[in-house]
Each structure stands twice: as C-alpha cells, then as structure tokens.
Amino acid sequence: MVIEAPGRPSELRARLPLAMVTVAVLVAVAGLSVAAWWVVQRGVQRQDAALLRNDTSQVVLLLQEAVQTVSAELTALGTAAAESGDSASVFAQEAKPIVRQPGVSVAVVDSRAGPAPVVLAAGPELQPGSPLPAPVVALLGHAGPALTASPVFTDGAARVVAFAVAPVASRPGVVAVEVAQVHPDRAAPNATGPYSQLDVAVYASRRPSASQLLLSTTGVRPLPAPTASATLSVGNLHWDTVGAARVPLVGGSAAAGPWVVLAVGLLLAAALASTVEVLVRRQRHTTRIVARRERELLEAQTAVVRQERLSAVGQMATIIGHELRNPLGAAINSLYLARMALGDRLDDEAESHLVRAERETARAAALSEDLTAYMRERPPTVVSVDLRSLVDDVLDSTPPPEGITVEAPEPGTIVDADRDQLLQVLINLVSNAFEAMPDGGTVRVGGRALDGGTEVTVDDTGPGVPPEIGERAFEPFVTTRATGTGLGLAIVKQLVQNHGGTVSMAPRPEGGTRVALWLPATRRQEER
Amino acid sequence: MAAPVLVLVADDNAGIRETTAMILRGSGYHVVAAADGEEAMAALAAGAFDVAVLDVRMPRRDGVAVVEDLDPRPPPPGVVLASAYTFDQEIRQRLGERVCRYLRKPVRPEDLIDAVGHAADLARGAAGTGP
C-alpha cells in the first residue's frame, strides 16, 4: 500500500512548502493576470497617445491662429506704409498694438535700398536707417505675400526670431519685418485653459532642435515621454510642435484600470491557490487517514485471523486439557489401588515402577492444569495491590523448601494489577526460583516505582539460565527442567502482557538470575 | 458401634467411578455407584446417604442440578463436587453451604479421602443435631 509514489516527485514535493498543483494554479492565474494587465495597459497607452496627438493638433491650430495674426498684422503694416507713402504717423498707428507686446519690434524695409534699408521702425531691436542683422537680411530675399520666418538667432544679448511679409498691394521692394525676442529658458505659462493638461514645446524648425526652441512650458527641462508632434504651417513657416501629457488624458480611473486588473488577478491567483492548497491538503490528509484506516483494518483482520487460529488451537488444547483429566484421574486412582493391594508384597523393583508411574501421571496432571491456565485468558480486573501481601500469599501456597530464604519487600509498594493473575505470576516465578536452587539460596522479591508504573523483581542465587535459552524462556514448552511443563513462564508473559506490561530475564552480575516485570500504573493516584 | 458411612459416587466415566468407589471402600465406606444424574437422584431418593461425591458433567442431569434438587428433609448428604473444569464464582455462590468441598480433577486419592471424611463429619453432625 503506497501512499506517495517514490522517487523524484515526492522528493520535490517534500522540498516545496506548497503542493505542485497549487504552484501551477498560482503561476497560471498570476501569468494570466500579468497578460491581462499588459493588454489593458497597451490599450490605455494607445488611447492616451491618440488623445495626446489630437490635443497637440488642437494646440497647433491655436498657435497657427496666433502666427496668422502676425502675418495679417505685417501685411496690414506693409500695405499701410506703401499706401501712405511711408507716413510715420500711419506707421506708428499700425505698429502701436504690435510693439505693445514686450520684446517685439516691427519695421518697414525697402529691400532694394542697400545695407541700411530700414524705412520705418518701432520697438527695441530695429531703428530707421540702421543695418539689419544678417539672418533678417537673408530673410528679405525670400519674402513674399505669404509669411516667412527666420531660424532663431542671437542679436546682441537677446535670442530672437524674425518674420517677414512683402504685401502684394505695396510697391515692389517693401517688406514688413517683425523681430520678436524669445525666452525658451523661461517656462511658458500653461496653468489654465483647455490644454492645461499638456506640456508643449515649439521649435522654429521642422525637427526638434535645442537651438531652435521658441518656447516650452517646462523651460529648459525636456518634455516627459511619451510625446506627440505636429507641424505648425503658416505661409512658408513650418514649426515643429511637441506635446506631452502632464496627467493621463484618458482619465485617472482608466489609467488605473490595468493596475486594478493586475491587482484583482493577483488576488484571484492567491485566493484560488490557497483554495486549491486547502483542498489538496485536505485530500492528502484524507488519503493518509484512509491509508491508516486500511492499515489498521488489515492489522485488525490479521489479528482476528491469528486470534481465530489461536482460538481453534486454544479450544483444542482446552478440550485435550479437560479430556485428559478423567483418564488421568482413573490412572492415579488405579496406581493408588495397586499400591494398597500390593501392600507388604511391594518389592523394590515394583516400588520404583510405581513411583515413576505416579511421578509421570502427576506431571501429566500438572501439564493439563498449566495448559488450561494458559488457554484460559481473561481480561485483568486491575486494582491496587500491596506487593508485600501478595508475596505473603505466594509463600502460603508455595512454602520455601528447606535451605532457601525469602526476602519480601516492605509493605507499601503498590502495584496496579489483577490480584489473582499477579499472584499466579509470582507463584510461577518464585517456584521457578526455588527449583533453580536445589542446594539452597536466597530469593529476593523487590518492587519500586519506575517509568509511570511499578517494577517487580524476583532474584535468585541459583546457577543462572543457560545463555542459549535467553528470551526463549518465555516461549511455551521451553524448559531446562526434566519435570517442568514449559508453560510457567509463558503464562507469566501472557498475564503480564495482558496488563500492558513487560517482562524480561537476565543474569545478575553477582550470580543468579533476575526476572523483572513492569506493570503500568493505570489507576489514578487519588483513587488509592 | 456406629453404622457404616454411606457414600454415593456419581460419575459417567466408568474408570473414575469404579476406582473412586474402590478407594472409598478400602477406606471403610459403604459405597453405591451411579453412572449419571438420574441414577444419582434415584439412589439419593431411595437411601439415606451421608456423603455424595458428584461429578459436575454427567448425562441426563449434571451434578449441580442434582445438588439443587436435593430434598432438604431428611437432612441431605454432605456433597463433594468434582470437575475437570474450574468452578466459577457464580456456581459457588449459588450452591453455597450445600457443597462441602470442591475438587479439581484429577483428584489425588488422599484429597478424596480427606474431603469425604470432612463431608461425613459435617453430615453426621448435622443429622445428630437435627430433628
């Protein structure tokens, strides 16, 4: 009956605190949770990216409006200057709302007038009759009705960007120019408005470039990934605009979704695994119980079979024991009658025959008595017995032969036993001891508390038991004496075992033999 | 001179019955033998026995039943019960004073003679003080 398969699986199982199936369930469900988290997370990220692209495009549209305003203002400025014949007052009128913005300068330039073409100017960067910075001069060559812008360049201490428009309606060569200071190192404010959840950076180039940064809501700090970009196109101007989300655009709860999925999945994994573990342990426990019950059942069955066999043998022995008694009785009676009948005519030879017949019939009678006692098992009725009073009874029924001294224990040594059965045990042991010392000696019966019970010892000063007998002395029909039945010690062992006790025989170091029996204390102290 | 002591020996085993009778006769008793319980009852009804040596296991009626059926008037014999089996406490209590002595088979002749003598003394004593 194998409960667990031998070999590697059980070794592995012994090392793991959890059942294999539990680990499998845990790994599978946790893996599914992680997969679900990944899928949902990807979906959320895609959604977020789409929203970011959309919002960035919207921001570009807003910026485009602002740049178109610049385009319209410059067109109006150039047209007004041309139509008014470069009237300073008209220019000042038109330029006033533009240069009101800090760091912004405007001018009307005659692109065909040589190195100092500024005709009219307003703002900090440009003065009439002064030379223009090289990037602005380069810009003039490309100026047309549509807005044109320069890259970001340094003009003195300031970083600036320039715009130019050559209005169609004006006279040839007239270009309206705007130069605006930029401060990319200052974080552009974006705390309110519909796109306040975005960080935005605008470059005066088609690709992001640090030198062309016009403005950024994060200042010099780079935008956090992920980003989306869109191109701001007005006239010939193409600026790259990059957006990044400050908060999840899909919303906090949607962004938390994947983590909720993961957490629920892992909790589910833990719950399922613990349920499986409980079931597995219960099942193992049940298997163990079933196995133990089966084993107990098998043992009980074996015991019953053995008991039945013993009982059959026992009944046979009992019947033989009883049936022998009548013929034995008749034989004993006849021997007696023969002795009476012969009387004085009994010669030595006849006497020796009669004596042998009488001895052997007596031995047969004793054997039948012992056989009956051995087979007549009954459960012990345990009471507290004083060992001394028991020894006194033993000596009454089995008086010590001449030359043998008996040392009995002091009163007060208590043994829990069936009194009749323990008496039988002591009679057998003490009479064995007597017979072991035909030339006299000492028998000492002792008792002491030991290991939750009482040890009773019977010592003799005889020649000792031959080593080849050893523990076999307690087996039935093993004897060293010609006249013994071989059942005395077997009866002792049987009775002691019925008490749940043990019995052993050992040579004493100072000579002789000690038989020690131990009987458990079964009655509680207060009952005594 | 006192009348001879009359003893009934009841045992279904012929060897026991005959040798027991012979041993008791040799000791001076007047012995009547019975082979089963019914014979024993008939003999006891017919004569005034001083002692009855009864086997427990007998056909038709066992020794215990014979003791239980004894007529208390006139004074019953002193009873010696013999058995190959042990006498349990219940039987001893049930029969009480009606049995003088219990003997375990095989019975030593000396024990038999002693038990019958004891039973005869008791029975004679009871008869002497009786009505």
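Quick notes
- Size-normalised alpha-carbon gyration radius of the protein assembly as shown, reference 2.2 N^0.38 Å: 2.47
- Paramagnetic label zone (point 7 Å from Cα along Cα-to-C-beta, A:Thr442; backbone N under 17 Å) in segment A:452-466: A:457-464
- Stokes-Einstein D (µm²/s) once Rh is taken as the Kirkwood radius of segment B:1-61 over alpha-carbon pairs, at 25 °C in 0.890 mPa s: 212 µm²/s
- Panel note: the C-alpha atoms of segment A:122-261, placed on their principal axes, show extents of 69, 32, 25 Å (largest first).
- Note on A:Ala146 and A:Leu61: their simple-model spin labels are 2.1 nm apart, each label 7 Å out from Cα toward Cβ.
- Each pair of Cα atoms in segment A:254-391 enters the Kirkwood radius, and Stokes-Einstein at 4 °C and 1.567 mPa s then converts it into a translational diffusion coefficient of 56 µm²/s.
- Given in Å, the Rg to one decimal and the Dmax to the nearest whole number for the Cα atoms of segment A:241-324 are 35.4, 125.
- Charged neighbours of A:Glu402, selected by a Cβ distance under 14 Å, balance to -2 (K, R count +1; D, E count -1).
- For the Cα trace of segment A:374-475, dividing Rg by the Kirkwood Rh returns an Rg/Rh value of 0.97.
- Local electrostatic count, A:Pro124, Cβ distance below 15 Å [Lys/Arg +1, Asp/Glu -1]: 0
- Distance between modelled label sites at B:Arg60 and A:Arg363, nm, 7 Å Cα→Cβ extension: 4.1 nm
- Neighbourhood charge, 15 Å Cβ-Cβ cut-off, centred on A:Val445 and excluding it, Lys, Arg +1 and Asp, Glu -1: -4
- Two-decimal log10 I(q)/I(0) for segment A:89-186, as the Debye equation yields it once each C-alpha is a single scatterer, q = 0.12, 0.19, 0.25 Å⁻¹: -0.34, -0.87, -1.50
- Note on chain B: the alpha carbon radius of gyration divided by the globular reference 2.2 N^0.38 Å gives 0.95.
- Here segment A:18-35 and segment A:382-397 have alpha carbon centers that stand 71 Å from each other.
- All Cα pairs of segment A:67-141, percent lying beyond 19 Å: 31 percent
- Counting only Cα atoms, segment A:198-283 measures 79, 23, 18 Å along its principal axes, largest extent leading.
- Helix-derived mean residue ellipticity, 222 nm - over the protein assembly as shown, DSSP H n ≥ 4, -39500 (n - 2.57), to 500: -16000 deg cm²/dmol
- In the distance distribution for segment A:176-235, Cα-Cα pairs more than 19 Å apart total 35 percent.
- The spread of Cα positions in segment A:234-282, taken along each principal axis and listed from longest to shortest, comes to 79, 16, 11 Å.
Readers should treat all values here as calculations from the given coordinates under stated rules, not as data from a laboratory. As the structure is a computational prediction, the values presented were derived from the model and not from experiment. When we count neighbours, we look across all protein chains shown, and the Cβ atoms used for this are built from the backbone with ideal geometry, even at glycine.
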